[in-house]
Every structure is written in C-alpha cells, then in structure tokens.
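Notes to accompany the following structure.
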Amino acid sequence: MAGRIALNLARNRLRRRTPPTRPLETADGEPPARLLAQLQRYMDPGARGAPPRFDPRGVSDFERDVLRKTAEIPRGEVRPYAWVAGEIGRTAAVRAVGGALNRNPVPVLIPCHRVVGGDGRLTGYAWGVPYKRTLLAPEGADPAELERLGLRTRYVGSDTTRVYCYPTCHNARRIGPAQRVAFRDGNAAAAGYRPCRRCRPPAAG
C-alpha cells in the first residue's frame, strides 16, 4: 500500500513539475518506464538499494546541494532541516532548505519525507503530514515515536563509547538500555560526548 502511494506521488510530481525537455520525462509527459521500474523496486519491502539517480538540471546550485544531501539520509532515519542546512555549509538557511524541498522535482527518489522539524514534528511536506507518515512507516521509522522522541530527546548517547547520535540513527538503535543517555537540550558535547560519524549531529546544541 505505502509503496503504491509513494509511486503515485512521484509519478504525479514528475508529470506536473518536470518540463518535457528534461531527461526525467518522455515526449508525451510520462516518466520513463525504466525510472518508474527503478522506483517500484526501491519502494518494495526489504529493498536496500540506493534511490535511482536523477539529472539535476533546471534547479539552482543551492537546491541541487539540498537535494543531494537529502538523498544521503538512510531509509528508516530522519534528520532535521537544520542538519541539511549545516551539512551544505548554510547554517542560517533552514527556511530556504524547507523551500527547496517543497519544490523537490522527484519526491521519494529524493526522500524529503525523511526531513523533519527540529522538535521531531513531521512538518513541511508538500502533500501533507499523512503522506509523510505513510512513506516513513514502511521504512521502519515509527512516525508517532519520532514525534514523541523529538519532544523530549534531541540526541541519544552511549555512556560507554561517549558518542551521541540522532535518535533514529542506526548506531543509536544499537545502544542498550543500560548504556543509553538521552539529551533533551542538545548539550551532549558539553557533557563530554562526541558526534556520531554516521549521522553527524552538530558538535554543539
């Protein structure tokens, strides 16, 4: 169900937002069958491959940077808009990041549904929060848990490795209950913890 909805979302956006002269669309306005087949495989349960590559012509340099960085967010994990802004060296451009993702020409392929508010809320999706939930759930990210965690846990650390992560990071999920330390106010670095090299949270709250 989720895969079918995601496929339809991407298909409709490709039809409406991609000029026919661009490589993502055929002369009759349909996305190429090969691209749709790649997307279907990508959304199948158990898929682990990277999303299909796309040609970024027609977007600004800033939008291209935002889209490429967003494409790096792993399945089943989320990052805040501020993370995307920081990763591309534009820490003050959080709202602009949201605008760029709202114009994402290939949603699902570029997983803007994996970008959330700083407080964990599932905000800012072009088709609304219900679709965002629908896309995240089959990837292994519980939307309700994401929002619950976001309101009280900004980072998760291990008191043995002294490393802290975003709560949905693969490494964070491996921390046992006895070793888990929750940081609500982003003061993990001040407490002597270092950022995870995988999910790369900021070094200061």
Mind listing just one residue for me: the one in the range 188-205 that is out of contact with any strand residue (DSSP E or B) (no Cβ under 9 Å at 6 or more places or on another chain) and over 16 Å from Glu87 (Cβ atoms) and, of those, least open to solvent (accessible area, probe 1.4 Å)? Gly192
Touching a Leu at 6+ places or on another chain (Cβ under 8 Å) and in a loop (DSSP other than H, G, I, E, B) - does that describe any residue in the range 148-165? no
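For every residue, the table says whether it meets (1) closer than 25 Å to Arg198 by Cα; (2) modelled with pLDDT under 90; (3) not aromatic (Phe, Trp, Tyr).
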position	(1), (2), (3)
Arg22	no, yes, yes
Ala33	no, yes, yes
Arg53	yes, yes, yes
Arg68	yes, no, yes
Ala71	yes, no, yes
Val84	yes, no, yes
Ile88	yes, no, yes
Val97	yes, no, yes
Just one of (1) over 27 Å from Ala182 (Cβ atoms); (2) part of a helix (DSSP H, G or I); (3) of a type in the set (A, V, I, L, M, F, W, C) trips up Ala137, so point out which. (1)
So Ile110 passes all but one of these: (1) in contact with a strand residue (DSSP E or B) (Cβ under 7 Å, 6 or more places away or on another chain); (2) open to solvent by less than 40 Å² (accessible area, probe 1.4 Å). Which condition number does it fail? (1)
Inside the range 70-94, can you point out the residues that are of a type in the set (D, E, K, R) and either open to solvent by 30 Å² or more (accessible area, probe 1.4 Å) or part of a helix (DSSP H, G or I) (or both)? Glu72, Arg75, Glu87, Arg90
Scanning the range 168-188 for residues that are touching a residue at least 24 places away in the same chain (Cβ under 8 Å) and not in a strand (DSSP E or B) gives Thr168, Cys169, His170, Asn171, Ala172, Arg184, Asp185, Gly186, Ala188
Could you give every pair whose Cβ atoms fall below 8 Å, whose first residue belongs to the range 87-99 and is in contact (Cβ under 8 Å) with a residue 60 or more places away in the chain, and whose second residue is of a type in the set (Lys, Arg) and in a loop (DSSP other than H, G, I, E, B), counting only separations of at least 6 or pairs across chains? Glu87/Arg200
Looking at the range 113-133, is at least one residue open to solvent by less than 50 Å² (accessible area, probe 1.4 Å), under 21 Å from Ser60 (Cα atoms), free of Cβ contacts under 8 Å to residues at least 24 places away in the same chain and not in a helix (DSSP H, G or I)? yes
Scanning the range 189-205 residue by residue, those in contact with a helix residue (DSSP H, G or I) (Cβ under 9 Å, 6 or more places away or on another chain) and either in contact (Cβ under 8 Å) with a residue 40 or more places away in the chain or not charged (D, E, K, R) (or both) turn out to be Cys196, Cys199, Arg200, Pro201, Pro202
Residues being open to solvent by less than 10 Å² (accessible area, probe 1.4 Å) and more than 19 Å from Gly76 (Cβ to Cβ) - total across the range 95-107: 5
By residue number, the members of the range 164-179 that are more than 20 Å from Gly140 (Cα to Cα), in contact with a strand residue (DSSP E or B) (Cβ under 6 Å, 6 or more places away or on another chain) and either of a type in the set (Asp, Glu) or open to solvent by 20 Å² or more (accessible area, probe 1.4 Å) (or both) are Gln179
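The values are calculated or read from the model by the stated rules, or taken from the named source; none is laboratory data. Only a predicted model underlies this, so the values are computations on that prediction, with no experimental measurement involved. Methodologically, a virtual Cβ is constructed for each residue, glycine included, from the backbone with ideal geometry; neighbour enumeration extends over all protein chains shown. Accessible surface areas use protein heavy atoms only, side chains included; no ligands, DNA or RNA. Shrake-Rupley method; radii C 1.70, N 1.55, O 1.52, S 1.80 Å.
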